[in-house]
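In what follows, a structure is listed as structure tokens, so that the remarks can point back to it.
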Amino acid sequence: PVAWPCCWNWPGCWPTNRGRIHPGADDNASGVAVLLELARVLADKPQPRSIVFVAFTGEEAGRLGSKHYLQSATRYPVDAMIAMINLDTVGRLGERPLLALGSGSAKEWEHILRGAGYVTGALVKPVADDIGSSDQASFIEAGVPAVQLFSGAHADFHRPGDTADRIDAAGLVTTAQVLKEMATYLAERPESLGSNTGKPQQILATPPVQGKRRVSLGIVPDYAVSGDGVRVAEVRADTPAAQAGLKAGDIITMLNGSA
């Protein structure tokens, strides 16, 4: 996950960047770095519940890695999982709140996040909706309450500009502290979470292979804002959104006559 050349047919590859090295410092070497650091810290500290550390691949191709794990997990099967915390793109926190996407998947997430924020002094914002674009969605689909810790969107996603010099190291430490509080609380919790997924915990069927992305509007959405419409955080140059005159701060409530 540290660097990948953008292949011609890889999902998410922008045509103008094909064949160029994509360092992937934020998406998602940042998440792997925090995962490894917490694993190091907790390695000699046994917990009442097992904490399983997993790095998935194939997320952009339809969450292939996380879905395969859920289908083949035997030592820690789906029906024994009480929660999942996904670290995807946590490297550019800055002064922004740390977002927890999918917090509506269990009624306890908001309280867990509030407690982690209080102990660490971090600003943590629950976002009930899950946009379904990262590996926590595979667990929610399987009936396991799950959240994605996320430092926010930016214009370097899936681009060569996602470089290490733009990573907020202090923000990584903050994220690691929040994660530690959440993980150790869950490991010490005797009962399961109150799932709001509406699904029994079950192994999923093999997913279809997702094709490459063919259409893009050209905006970076503001994931911290919920409610009607989609708030624009950034507009990429030379895209349909830029040509249409969309600007950061706009809220899109209708597109071509459709809500």
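The values are calculated or read from the model by the stated rules, or taken from the named source; none is laboratory data. Everything quoted here is computed from the prediction, not taken from an experiment. Glycine also receives a Cβ, built like all others from the backbone with ideal geometry; neighbour counts cover every protein chain displayed. We work out accessible area using only protein heavy atoms, side chains counted, and drop any ligands, DNA or RNA first. Shrake-Rupley method; radii C 1.70, N 1.55, O 1.52, S 1.80 Å.
Below is a table of values for the structure above.
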{"item": "Selected from Ala39, Met254, Ser72, residue furthest toward positive end of dipole (the chain; charges at beta carbon)", "result": "Ser72"}
{"item": "Lysine pair count for the chain [Cα-Cα under 17 Å; pairs on different chains or 8 or more apart]", "result": "5"}
{"item": "Protection-proxy order for peptides 47-54, 231-238, each taking the mean of Cβ atoms within 10 Å per residue, highest first", "result": "231-238, 47-54"}
{"item": "Rounded to 5, percent antiparallel among DSSP beta bridges of the chain", "result": "60"}
{"item": "Accessible area per residue, Å², the stretch 61-178 with all protein chains present, probe 1.4 Å", "result": "39"}
{"item": "Neighbour-limited loop hits for GluC sites (Glu not before Pro), the stretch 77-178 (at most 14 other Cβ within 10 Å; DSSP other than H, G, I, E, B)", "result": "Glu95"}
{"item": "Most fluctuating residue given options Thr174, Thr74, Thr163, as computed from a GNM of the chain linking Cα atoms under 10 Å", "result": "Thr74"}
{"item": "Net dipole in debye of the chain [+1 Lys, Arg Cβ; -1 Asp, Glu Cβ; about Cα centre; nearest 20]", "result": "400"}
{"item": "Mean projected area (nm²) of the alpha-carbon convex hull when the chain is viewed from all directions", "result": "14.4"}
{"item": "Cα lying deepest toward the dipole's positive end in the chain, options Val173, Ile140, Trp14, charges on Cβ", "result": "Trp14"}
{"item": "Percent carbon-and-sulfur accessible area, the chain, ignoring ligands, DNA and RNA, probe 1.4 Å", "result": "54"}
{"item": "Equivalent ellipsoid dimensions for the stretch 34-101 as semi-axes, Å, which come from the Cα gyration tensor, largest first", "result": "22, 19, 11"}
{"item": "Ser105 accessible area, assembled protein chains, probe 1.4 Å, Å²", "result": "10"}
{"item": "The stretch 28-144: Cα Rg divided by the 2.2 N^0.38 Å rule of thumb", "result": "1.08"}
{"item": "Geometric extent, Cα atoms of the stretch 14-71 - Rg, Dmax (angstrom)", "result": "15.3, 50"}
